[in-house]
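Below is one structure, written out as structure tokens, with a few remarks after it.
The values are calculated or read from the model by the stated rules, or taken from the named source; none is laboratory data. Not measured: the values here are computed from a predicted model. Virtual Cβ from ideal backbone geometry, glycine too; neighbours counted across all protein chains shown. Areas reflect the complete protein model, heavy atoms only, side chains present, ligands, DNA and RNA absent. Shrake-Rupley method; radii C 1.70, N 1.55, O 1.52, S 1.80 Å.
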Amino acid sequence: MKINAKRLLDNLNNLKKFTDTPGKGVTRFSYGSEDIKAREYIASKVSAAGCSVHEDALHNLRIGLKDNSTHKKTVVAGSHIDTVKNGGWLDGIYGVCGAMEVIETLAKSGASFHNNYEMVIFAEEEGSNFDSTMTGSKFITGFYDESTLDSLRNDIGESLRDVLLDFNKKVDGSSSLDVSNIRWDFNRIKSMFELHIEQGPVLDQQKLSLGIVESIFGMRVIEVILTGVGNHAGATPMTERFDALSVAAQCITTAEDMVRSDPDKRTVVTVGKLEVKPNCSNVIPEAVKFYLEVRDKDRNKIDFYIDEIKSLIFDIAESRDVKCEMKEHSKSTPLRLNKRLMDKMVSKANDQNLAYKVMDSGAVHDACMIANFADTGMIFVPSINGRSHVPEENTDKADLITGVQFLLDIIIDELKEG
Ligand code: GLV
Ligand code: MN
Ligand code: MN
């Protein structure tokens, strides 16, 4: 069976127009107005193909073939449609359009299989609203529950519950929210696939067209609040300052030096978000809040570096008489993906003479959550110059098409298998 490459590229190109920042990359946060438009676009395509659409309380979408039966197990494929601020046009949505191309191709073929096929769209994967990644998939796996609706807060203090209730009002006028039945029954899932751009330089540098993912890095994120003393930037001598931003800078560069010196050269540390109070050029910063994350495929390394960095931040803050509060913010565990599916994908890539590599994922994906409960596989295609989470994110058309055809081929194998 062959995918329709034109339809795939048209869908990708149409969906990239749903952005809050035209001309400056794609900005489409879950529960925003562009998210609603993207959902409507996808729902109209799959409804035209006769598929059923089920939306849960977090607004994760499950879309099934018309002939799916409750007696059969289900093969699932999908990813997310939300983006980071000024992000790229492929992160997440490529896997969604790939899964949608599979559903449209299967629907048109009328073929019937031993198992069902469904595509899935996970909500709030990027954590752009609440600084916590994989929110939708954490709910369906029970990693998050009712209490998370109140604990996750956005930058203006609204809880996830507030945001969902507001979204519900806009979408269908409803004022209810019930997450009690949100968990998936994984006994009914045969396997799950996520197709994604690599987001790093490996495939592009090695001129390969496909990556078969073996392990996915885990991460731990801490929230740090440093409180010094705000004062006049001109009249306060250098000897009498308690500058929270200067202390934050020292903490960040020291953490970077520490991780950089690791002999494996694999662990990564990032501070990507920092809030400065009052954030005025002529006022000494009184307070700084930042999020620091460490990622690796070895859980011990993550724990080692987070613990070391926490203690160095306390020491630096204390030595400069600045108050320091820290708390754990979110985390995910490193994991290896399913061996049966990896072997199957390797053998198919060999059969098809594809230039591929078995590799790690430094980025996290909804697949990480599902992999704890069901056989899960991930397929990568190259990212040109290894750029992602930026407007420059791109992949050659030929690679986009190869990835989706490979996804369809693997899914058909899984659909046939008892
Ligand atoms: C998601 O893209 C992540 O890896 O943070
Ligand atoms: Mn993604
Ligand atoms: Mn991403």
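Might you check whether a residue that is part of a strand (DSSP E or B) and either surrounded by fewer than 18 Cβ atoms within 10 Å (Cβ to Cβ) or at pLDDT below 95 (or both) occurs anywhere in the range 295-317?
Kept after step one, since they are part of a strand (DSSP E or B), are these residues of the range 295-317: 295-296.
Keeping just the survivors that are either surrounded by fewer than 18 Cβ atoms within 10 Å (Cβ to Cβ) or at pLDDT below 95 (or both) gives none.
No, because not a single residue in the range 295-317 is part of a strand (DSSP E or B) and either surrounded by fewer than 18 Cβ atoms within 10 Å (Cβ to Cβ) or at pLDDT below 95 (or both).
Tallying residues that are assigned to a strand (DSSP E or B) and closer than 30 Å to GLU414 by Cβ within the range 318-342 yields 3.
Could you tell me whether ASP67 is within 14 Å of ligand 2 (Cβ to nearest atom) and charged (D, E, K, R)? So that I can check it myself, show each step before the final result.
On the way: within 14 Å of ligand 2 (Cβ to nearest atom): no; charged (D, E, K, R): yes.
Answer is no for this residue.
Scanning the range 84-107 for residues that are away from ligand 3 (no atom under 16 Å from the Cβ) and either among the basic types (Lys, Arg) or under 15 Å from ASP35 (Cα atoms) (or both) yields a count of 0. Looking across the range 329-365, just one residue is small (Gly, Ala, Ser), modelled with pLDDT of 95 or more, open to solvent by less than 20 Å² (accessible area, probe 1.4 Å) and within 16 Å of ligand 3 (Cβ to nearest atom), and that is SER361. Only residues that are hydroxyl-bearing (Ser, Thr, Tyr) and either open to solvent by 10 Å² or more (accessible area, probe 1.4 Å) or farther than 17 Å from GLY211 by Cβ (or both) were counted across the range 366-418, and they come to 2. With respect to being of a type in the set (S, T, N, Q) and either within 16 Å of ligand 2 (Cβ to nearest atom) or under 18 Å from GLU392 (Cα atoms) (or both), ASN11 falls outside the description.
Residues are listed down the side, and each one gets a yes or a no for (1) more than 21 Å from ASP366 (Cα to Cα); (2) outside the structural domain of GLY403 (by TED's automatic domain parsing); (3) within 16 Å of ligand 3 (Cβ to nearest atom):
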{"residue": "ASP145", "(1), (2), (3)": "no, no, no"}
{"residue": "LEU149", "(1), (2), (3)": "no, no, no"}
{"residue": "SER159", "(1), (2), (3)": "yes, no, no"}
{"residue": "VAL171", "(1), (2), (3)": "yes, no, no"}
{"residue": "ILE182", "(1), (2), (3)": "no, no, no"}
{"residue": "PHE186", "(1), (2), (3)": "no, no, no"}
{"residue": "HIS196", "(1), (2), (3)": "no, no, yes"}
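For the criterion of being open to solvent by 40 Å² or more (accessible area, probe 1.4 Å) and away from ligand 1 (no atom under 16 Å from the Cβ), LYS273 fails.
Looking at THR402, is it among the hydroxyl-bearing types (Ser, Thr, Tyr), over 16 Å from MET100 (Cα atoms) and in contact with a Leu (Cβ under 7 Å, 6 or more places away or on another chain)? So THR402 fails the test. Annotation: THR83 fulfils all but one of (1) within 16 Å of ligand 1 (Cβ to nearest atom); (2) of a type in the set (S, T, N, Q); (3) more than 27 Å from GLY218 (Cα to Cα); the unmet one is (3).
The rows are residues; the columns are (1) touching a helix residue (DSSP H, G or I) at 6+ places or on another chain (Cβ under 8 Å); (2) more than 30 Å from ILE410 (Cβ to Cβ); (3) surrounded by 19 or more Cβ atoms within 10 Å (Cβ to Cβ).
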site	(1), (2), (3)
GLN199	yes, no, yes
LEU210	yes, no, yes
ILE222	yes, yes, yes
ALA244	no, yes, yes
ALA248	no, yes, yes
ASP257	no, yes, no
